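The values are calculated or read from the model by the stated rules, or taken from the named source; none is laboratory data. For clarity, every value in this text was computed on a predicted model and none was experimentally measured. Counting neighbours? That spans all protein chains shown, and the Cβs are built from the backbone with ideal geometry, glycine included. The protein model used for the area step is the full one, side chains on, heavy atoms only, and it has no ligands, DNA or RNA in it. Shrake-Rupley method; radii C 1.70, N 1.55, O 1.52, S 1.80 Å.
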Amino acid sequence: MRRVDESAQLQHTPLEAEHQALGAKLGPFAGWLMPIEYAGALKEHETVRERVGLFDLTHLGKVEVTGAGAVGLLQGVVTNDVSKAAVGEALYNLVLNEGGGVIEDLIVYRLGDRRYFVVPNAANAQRVLQILEEAPADERVHLMYHQDWCFLAVQGPDSTAVMQQLFPEAGDLSFMQCSESEFKRRPVIVTRSGYTGEVGFELFTFQDVAHDLWTALLAAMEPFDGAPCGLAARDVLRLEMGYPLYGQDLFESVTALEAGLSWAVSFEKGDFRGRSSLLRQRRDGLPSRLAGLRMRERRHIPRAHYPVFEDDRLIGEVTSGTFSPLLQTGIGLAYLWPSDVVEFGGTVEVDIRGRRGAAEVVRLPFVDRDPRG
């Protein structure tokens with residue numbers, strides 16, 4: 001039998017050589033070969049929480065939606081009311097199936113009166129593009145998938161000082177705002193957003209300036225003892241904030257309401273995919289809900305698919321879990337069923353490879369951070 005080289009089938013970031021030169025451990029992620037860690041996830045977690053870290057996130061999707069019908073098209077596809085976003089603002093959104101299950105979570109940036117920028121996860125970028133292409137539009141809409149763009153993120157308490165060295169206007173942005181700038185005569189979308197819970201920025205531009213921008217950002221970070229960071233640290237950072245990850249905590253078999261994302265759903269704006277199912281579920285009650293679990297003992301670390309019990313009754317399953325460096329204990333997200341089986345502050349048990357560990361059901365986020373600064 002002929003052996004298939006899986007690495008040859010992966011997509012590659014334009015910064016792969018830079019990552020290798022910095023000693024990064026590369027690994028497959030959502031169809032891409034991406035930096036998983038450099039100095040180690042715990043060290044990189046500390047860098048972002050205390051100073052500033054730089055991420056290559058080029059694997060994420062980048063879709064521009066323009067034209068007179070852009071807002072109408074998006075309104076029928078995503079859950080939040082994008083008409084309320086002013087130019088230069090962004091909204092967290094979901095794309096649902098007709099049953100209200102989560103196909104994708106993404107951010108929609110409004111760049112102009114008739115121009116929006118949509119950033120889905122890597123694994124679902126083409127599916128989101130297809131949904132947008134097939135959605136009805138009352139007026140003309142143009143869709144462009146920016147396959148030749150890179151995506152970098154500067155995250156941490158010192159990120160504003162770093163960014164202002166290259167993009168002075170970054171200091172004027174508030175959380176979930178964006179602006180257009182340039183670097184080496186190439187357009188750059190600068191956004192005040194991120195997935196770490198820290199003050200941070202995300203940058204989108206053409207791949208032909210990726211090397212120069214990466215190098216300039218690393219140089220700007222040196223006085224702050226900043227460092228490049230990989231996806232392993234990013235996963236710990238997002239989990240401490242209780243941010244769900246598609247494919248781990250969000251999937252089509254659970255609805256936006258069960259995932260605790262009702263705040264990203266605007267029922268009043270009119271019809272959108274899955275709206276009627278969500279209204280029905282809101283009326284009839286939720287079969288499950290996503291909750292935070294904080295382990296009582298440091299040695300107990302929950303992981304995905306570990307069962308959750310109340311006494312001897314199976315009541316749920318962990319979807320994401322890790323050790324929190326800030327809390328010095330294990331934390332996890334889990335769907336509990338029925339939705340009111342355990343109140344916040346109550347105790348459950350997680351089966352960790354055949355041994356039970358006590359955990360408290362807590363409100364999210366696990367840690368007290370404010371990305372708004």
Per residue solvent-accessible surface (Å²) - the stretch 29-99, probe of 1.4 Å: 29 Å²
Neighbourhood charge, 14 Å Cβ-Cβ cut-off, centred on residue 36 and excluding it, Lys, Arg +1 and Asp, Glu -1: -2
Per-selection Kirkwood Rh - the stretch 121-195 (Cα, Å, 1 d.p.): 14.9 Å
Bins of 5 Å, starting at 0 and running to the largest distance - Cα pair percent for the stretch 75-214: 2, 9, 18, 22, 21, 15, 9, 4, 1, 0
Chain lengthening between residue 251 and residue 215 when straightened (0.36 nm per residue, less Cα-Cα): 9.3 nm
Residue 10 long-range amide H proximity, modeled H, under 5 Å: none
Å² per residue, accessible surface of the stretch 155-209 at 1.4 Å: 39 Å²
Reachable lysines from residue 25, criterion Cα separation under 19 angstrom, eight or more residues apart if same chain: 43
Answer label for Cα extents along the principal axes in Å (calculated), chosen among (i) 184, 52, 40; (ii) 63, 56, 51; (iii) 60, 59, 40: (ii)
Stokes-Einstein translational diffusion, the stretch 217-259 - Kirkwood Rh over all Cα pairs, 1.002 mPa s, 20 °C, in µm²/s: 167 µm²/s
For residue 343, net neighbour charge (Lys/Arg +1, Asp/Glu -1) across residues whose Cβ lies under 12 Å away: -1
The stretch 284-371 shape via C-alpha gyration tensor axes, a/c threshold 1.5: oblate
Rounded percent of accessible protein surface that carbon and sulfur make up, the chain, 1.4 Å probe: 47 percent
For residue 57, residues with placed amide H under 5 Å, excluding near neighbours: 151, 152, 153
Label-point gap, in nm, between residue 164 and residue 347 - each point 7 angstrom along Cα→Cβ: 4.9 nm
Å² per residue, accessible surface of the stretch 326-373 at 1.4 Å: 52 Å²
For the stretch 175-292, convex hull volume per residue from C-alpha positions, Å³: 160 Å³
GluC sites (Glu not before Pro) within the stretch 310-349, DSSP loop, no more than 14 other Cβ atoms inside 10 Å: 343
Loop-located chymotrypsin sites (Phe, Trp or Tyr not before Pro) in the stretch 294-373 whose Cβ has at most 13 other Cβ within 10 Å (DSSP): 344
